[in-house]
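Below is one structure, written out as structure tokens; comments come after it.
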Amino acid sequence: MAGSGAANLVAALQQLGATNPPNAMTDAYALVGIKGGAAAIAESRVACCEAETACVTCTMHVPPVAATLAGGVAAAPSDSVLASSPYTGAFGSAAHAASIGEVAAGPTSTVVMAAASYSDPLEALAADDAEPLDSSCDGATSLNAGARFGARSATDGDMETYWIVSGQPDAVLDLDLGQDAFVKRLEFEWLHAAASVVILSSPNGGGSWRLAGWANASAGPTSIAVNTSDADGVADDRSLRLYLSDAISTVDGLPVFAIRELRVVCCEQVKESASPDALLMLSVAATPIAESIAPASGGSAGGTAVNITLSGVPDGLTAIDVAVTLSGIECAVTSWASTGNHGTISCVTGSHGPTGAANPGDGPTIVRLGSVGTAAAAKGARFAYVDLWSASTTWSGLGGAPRAGDTVWIRKGQRIVLDVSPPSLYMLIVQGQLEFARQDIDLEVNYIFVMDGSFTVGTEREPFEHRAVITLNGNPVSKEIPMYGAAVLGCRRCTLDLHGKPTLRTHTVLEQTVLSGDTQLWLREAVDWAVGSVVVVTSTAANATLEEGETLIIEAVTDGGYRLQLTTPVLYDHLGETRYLAGGHNVSLRANVGLLTRNVVVQGRTPFSQLDKHGCHIMMHSRGHESLVSRIENIELRYAGQFGRVGRYALHFHMIGNVRQSYLRSNSVHHTYNRAVAIHGVHYLRVTDNVAFETRGHTYFIEDGGETKNVIQGNLASNVRESFSMLNTDATPAAFWITNPDNYVSHNKAAGSTHYGFWFNPVDSVGGASEFEPEYVGVCPQGVQLLWFADNEAHNCGADGLKVQPHASSGGYYPMKLDPCAAVSASNTFVEAHFLRQFSWRNTNGVAFTSVAAFNLVDAVVVDNNERNIECTGADGVQPGPSSFSKLRGPWGVNNLVRPLIAAHLLECPACDGAVRVKPASRLIYRGEWTVAIYEELSKDYIIRGGSIINARDISGHGYPVRLGIETPAWYGLTVRNATFINYDRRGTIAVAGFAKAFPPAGAGYDFRNAGAMETRFVGTTWYESDDYRVRWRWANEALFVDEDGSFTGEQPGSSVLHNNLVADKRAFPECYQDSRYGG
């Protein structure tokens, strides 16, 4: 506080009765009285920071950083930064400080312009970031080549990252505090310390510098006191400059400075309790309150008609008594009306001028009501000035509104509302705020890059109700933004809000079976989907193909939302019914119906995206926990992902860390060329109720194995197809690819895949881009305990509905009690993993698992799968040779199939013969349902699989088709508890078989005949319609089945079932006998 203004304020306060007026602007001061009273009731003054001991409370403030050296600059010997500004004097002297102040500033994180004038906006964009888009330091003399050493690493709150300079005798680091502040001290966490540090401060963002503190010792200082106040105590310093010299460490003979973390301690507030001499009471009831304002924003040029509602207003006020300012700008009052104690003000906003960092346009609402005083303002009574895209004032001095092919850069602090559909743009860079107006909008652009800003289409509270279409153009030769690529909506340290119109549900199932030629769908649950929307109906074909999935258009929604009238007839039959089985059991076989259409669309350019398989993508990436917020719901993403491009997935969260505030929910992602949702290096992401259709490669994809605590729930994946690029496993894709057990996977539906529905693949160690991240050192997913895997459904998958099989190099899944990476021991035992209520039907195989420990499949329903309902350990055949089978681990009792319901087929029995008779060369024809077992004219060398006739010897070793209930392990240790077998009633169905092992190829030089005799135990077995085909044998001693309680065989507890010529000889074992039901 200084000058005549301060003196006038003191004089005015003294006239009101002040006896201890403030003498500095930082004083906390209160003077309380009654209007018209002769004296003040109470007065209090607390001086802040007049001296070191006067600052009562100080808190940490971590500023953003701009630096003179960032990652990507190879370290090499170089001159002092002061070479161009030599000085004469001692260390820390005024001359020394002046020399440091003359050093040219390096790249800064502050952008000032919005323009379309860059000759190459990609280079300009990269140069703008103090950490150039995560470029790596790859010089021969750089430390840890490939790591990130950006300046922001010094203040990112992460001790694993650091700012580093190597090869210079000294270095300069600039700090932007973000606002004026009174700095008390700087605290350092060094990796490689500087013995000497000088601190300069600037009140005007680096325009002028002054000495604020220094240290010069033999060791790196951990704290340096700072003195930045003017004589009047005003806290007006915004920028700091650090000068480092006298490196304590060298690497490769070069001096090196590195700061892990730098903290700026500022005096934020004073806390003091004081009581006035007289009783002072505030009457809330007597205080007017501005409750709301509508609209909540308006153009910065002014002229917006605003209505403000108030409560608690007294009688007798007129329009002449009312004055309003919004963000410091007068709002001209046009009318005042009141009823009772409620009032309404109408006013017209004045001109604010373009928004920006220094003038953001989002300030307080002040309503003055004559002699009553100023009204309090509720949270909802806030008005923001915005720059309208359509307004000429927004582009004043920039040559007018953007034209086709322009690059638009929205600067920090600027808030633009897109209220028109602009011409096709080259690039849109958002460092301020861009928000879609509540109207139909089309935006076509090659690149959208949101960095330190926000991009908003609707909000959680107020979703976007109109139509918005964002088209991202690009092709395989488009220039790419480093890390983010082309045809991209990229989010870096940003807030991304995309909120389409909500719907009751995104997918449901059929209530009634629909037949080819029908023009309506009856649904199990009511929907509110719009007429004209496109829906997908998934395949339920008996031969497990996905090809009968189809898209249809809604003509009408009737019967309370339960019936959809269609514009065209249905092409294929789709099940929507409950099948009732023996023993009171039933299963629900229903096609999924998913909504693809949304009112907010992000898309690749048609038809070129389809031709090139090079669509758009949305990528979220910036390093650091919660470094961005991405909330995406109820949008449609189509023609997305870029075939053969690493990291160019349709929706991609990449290497961020914790993202608790982000989610993907109720979206549709369809016709993609590289996956659908990629979860990479992130934790706590919520992926719920999404619909994915016609995707390439793994659809919902957890990438490196380090990702944990993500929620994947209620999603639908349909028509998942191979991708012959990316991982080898993308050629045999899964709808859900899970690489770390510490994730929540529940109530998802895999409804059509060329290969797998759910592939649970816990890797032995974290790989990919995460492999060398400090966070993942010593992380072994294959030993991590299972968080939650329950209530998932798979049908029409060409391989397995659920596959619990780590990749060949990973070994297996062995969840450990204490240390996932350590060997099993008395203290580090196996912990049971429970896969709950899996429903697999009409796949090639229902459930398959290989090398596991403490594996428990609980309450699974596996029915009508074409080859095996459950295929156990040993079927991988990964390594050539007779001993290649995988193993169960753990003692008896920890590996269990618990209460599985296993049905060979779902035809009405016993009258369910009606066989299809074909010859090997014939075209396979299905008459209605799948019909099993009596292929009397089928050559013994052929079998039906996935709708084709292929060589049977590679599958079953039998001369006829076989549907197996359980193919038991090629190892001992499995117990089958309380299993129910239904409809194993004819040739071609076998309830239990042994030695799950793929037959070797012809000419391999070995086979598995006469190998096996691995023990599986049964307890609590129930048989329905399964009297004749319970067990089959391919060779002697293939397996051993132990009936612990007599329910498996109907004999006494402890009976065994095996195929052995010696045991079959009654002379040797008179208590044994042949039983045709068990292959005898």
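The values are calculated or read from the model by the stated rules, or taken from the named source; none is laboratory data. Source: prediction; values computed, not measured. Cβ coordinates were reconstructed from backbone atoms using ideal geometry, including for glycine residues, and neighbour counts include every protein chain displayed.
If the condition is being surrounded by 15 or more Cβ atoms within 10 Å (Cβ to Cβ) and hydroxyl-bearing (Ser, Thr, Tyr), then region 1057-1080 contributes only Tyr1078. Name the single residue that is nearest to Ile553 (Cα to Cα) among those in region 566-607 being modelled with pLDDT under 95 and basic (Lys, Arg). Among those that are modelled with pLDDT under 95 and basic (Lys, Arg), it is Arg605. The set of residues from region 1054-1073 being under 19 Å from Tyr972 (Cα atoms) and not β-branched (Val, Ile, Thr) comprises Gly1054, Ser1055, Ser1056, Leu1058, His1059, Asn1060.
When Leu611 is tested against (1) modelled with pLDDT under 95; (2) part of a loop (DSSP other than H, G, I, E, B); (3) of a type outside the set (Phe, Trp, Tyr), only condition (2) is not met.
None of Val514, Val477 is over 26 Å from Lys613 (Cα atoms) and either without any contact (Cβ under 8 Å) to a residue 40 or more places away in the chain or buried (at least 22 other Cβ atoms within 10 Å of the Cβ) (or both) except Val514. If we only count strands (runs of 3 or more DSSP E) wholly inside region 352-468, which ones have 3 or more residues that are farther than 30 Å from His342 by Cα and in contact (Cβ under 8 Å) with a residue 24 or more places away in the chain? So the answer is 407-410, 415-418, 425-430, 433-436, 441-451, 454-457. The residues in region 220-261 that are surrounded by fewer than 19 Cβ atoms within 10 Å (Cβ to Cβ), at pLDDT 85 or above and part of a loop (DSSP other than H, G, I, E, B) can be counted, and the count is 2.
Just one of the listed residues (Val1031, Val1019) is crowded, with 16+ Cβ neighbours inside 10 Å, in contact with a Ser or Thr (Cβ under 8 Å, 6 or more places away or on another chain), within 19 Å of Leu974 (Cβ to Cβ) and not charged (D, E, K, R), namely Val1019.
Checked against (1) of a type outside the set (Lys, Arg); (2) surrounded by fewer than 24 Cβ atoms within 10 Å (Cβ to Cβ); (3) part of a loop (DSSP other than H, G, I, E, B); (4) in contact (Cβ under 8 Å) with a residue 40 or more places away in the chain, His698 meets all criteria but (2). Just to be sure before I move on: is Ser765 surrounded by fewer than 23 Cβ atoms within 10 Å (Cβ to Cβ), touching a strand residue (DSSP E or B) at 6+ places or on another chain (Cβ under 9 Å) and polar (S, T, N, Q) in the structure I sent? So Ser765 does not fit the description; no. If I filter region 362-379 for residues that are under 20 Å from Val457 (Cα atoms), of a type in the set (A, V, I, L, M, F, W, C) and buried (at least 17 other Cβ atoms within 10 Å of the Cβ), do I get at least one hit? Looking through region 362-379, none of the residues is under 20 Å from Val457 (Cα atoms), of a type in the set (A, V, I, L, M, F, W, C) and buried (at least 17 other Cβ atoms within 10 Å of the Cβ). Inspect all residues belonging to region 552-559 and state whether any of them is touching a residue at least 40 places away in the same chain (Cβ under 8 Å) and in contact with a strand residue (DSSP E or B) (Cβ under 6 Å, 6 or more places away or on another chain). Looking through region 552-559, none of the residues is touching a residue at least 40 places away in the same chain (Cβ under 8 Å) and in contact with a strand residue (DSSP E or B) (Cβ under 6 Å, 6 or more places away or on another chain). Every condition in (1) within 32 Å of the chain's Cα centre (by Cα); (2) on the phi < 0 side of the Ramachandran plot; (3) in a loop (DSSP other than H, G, I, E, B) is met by Pro569 except one, and the failing one is (1). Scanning region 715-738 for residues that are assigned to a helix (DSSP H, G or I) and of a type in the set (D, E, K, R) returns a single hit, Asp730.
Counting only strands (runs of 3 or more DSSP E) that fall entirely inside region 482-526 and contain at least 1 residues that are among the charged types (D, E, K, R), the qualifying elements are 488-492, 495-499. Taken over region 743-788, the criterion of being under 30 Å from Thr551 (Cα atoms) and among the aliphatic types (A, V, I, L, M) is satisfied by Val745, Ala750, Ala751. Of all residues in region 572-585, which are surrounded by 13 or more Cβ atoms within 10 Å (Cβ to Cβ) and either without any contact (Cβ under 8 Å) to a residue 60 or more places away in the chain or in contact with a Gly (Cβ under 8 Å, 6 or more places away or on another chain) (or both)? Within region 572-585, Tyr572 is the sole residue that qualifies.
When Arg638 is tested against the conditions (1) modelled with pLDDT under 95; (2) surrounded by 21 or more Cβ atoms within 10 Å (Cβ to Cβ), the lone failure is (1).
Among residues of region 739-760 that are assigned to a strand (DSSP E or B), those with a beta-carbon under 6 Å from a residue that is at pLDDT 95 or above and of a type in the set (Asp, Glu) at least six positions away or on a different chain give the pairs Ser746/Asp791; Lys749/Glu793; Tyr756/Asp800.
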